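Step one of this worksheet: look at the structure below.
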Amino acid sequence: QKFNEAAESVKNFKKRPSDDELLQLYALFKQATDGDNHKEKPGMLDLKGKAKWEAWSDKKGQSKEVAMEAYVALANKLEARYA
């Protein structure tokens, strides 16, 4: 429940978080919803895709529950700054 609320609040930020903050949100969201990254690594020219893949892969081994809690904590922290 808190996870879904946090995911909704992130969509409604008035200001855009930094690229690094967005990558962390993405990685935690993917880890919480899909688990470990088993997708093929994007090619060298896909810089955005590669950054997202690497951020998600850095969360490997983290349980979905832990990733959800970390996502909620990060979203709440960023909400104070960007909402």
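In whole Hz, what ³J(HN,Hα) sequence does the range 19-34 give by Karplus (6.51, -1.76, 1.60; θ = phi - 60°), x for Gly and Pro?
4, 5, 5, 5, 4, 5, 4, 4, 4, 5, 4, 5, 5, 5, 9, 10
Kirkwood hydrodynamic radius of the chain from all distinct Cα pairs, in Å?
Kirkwood hydrodynamic radius for the chain: 13.1 Å.
If you plug each phi of the range 69-75 into the Karplus form 6.51 cos²θ - 1.76 cosθ + 1.60 with θ = phi - 60°, what whole-Hz ³J(HN,Hα) values come out, in order, with x for Gly and Pro?
Once rounded to whole Hz, the list reads 4, 5, 4, 4, 4, 5, 4.
Considering amide H positions built from the backbone, and no H for Pro or chain starts, which residues 5 or more places from PHE13, or on another chain, come under 5 Å of its amide H?
Hits under the 5 Å cutoff: none.
Expressed as a whole percentage, what fraction of the accessible surface of the range 1-80 belongs to carbon and sulfur atoms when a 1.4 Å probe is rolled over the protein heavy atoms?
Within the range 1-80, the accessible surface is 52 percent carbon and sulfur.
With every protein chain present, what is the per residue accessible area of the range 1-80 (1.4 Å probe, Å²)?
Per-residue value: 68 Å².
Of the listed pairs LYS15/LYS77; LYS39/LYS59; LYS11/LYS50; LYS14/LYS64; LYS2/LYS52; LYS2/LYS50, which have alpha-carbon separations greater than 20 Å here?
Distance filter (> 20 Å) returns LYS11/LYS50; LYS14/LYS64; LYS2/LYS52; LYS2/LYS50.
The values are calculated or read from the model by the stated rules, or taken from the named source; none is laboratory data. Values in this document were obtained by computation on a predicted structure and should not be read as measured data. These accessible areas exclude ligands, DNA and RNA; they are computed on the full protein's heavy atoms, side chains included. Shrake-Rupley method; radii C 1.70, N 1.55, O 1.52, S 1.80 Å.
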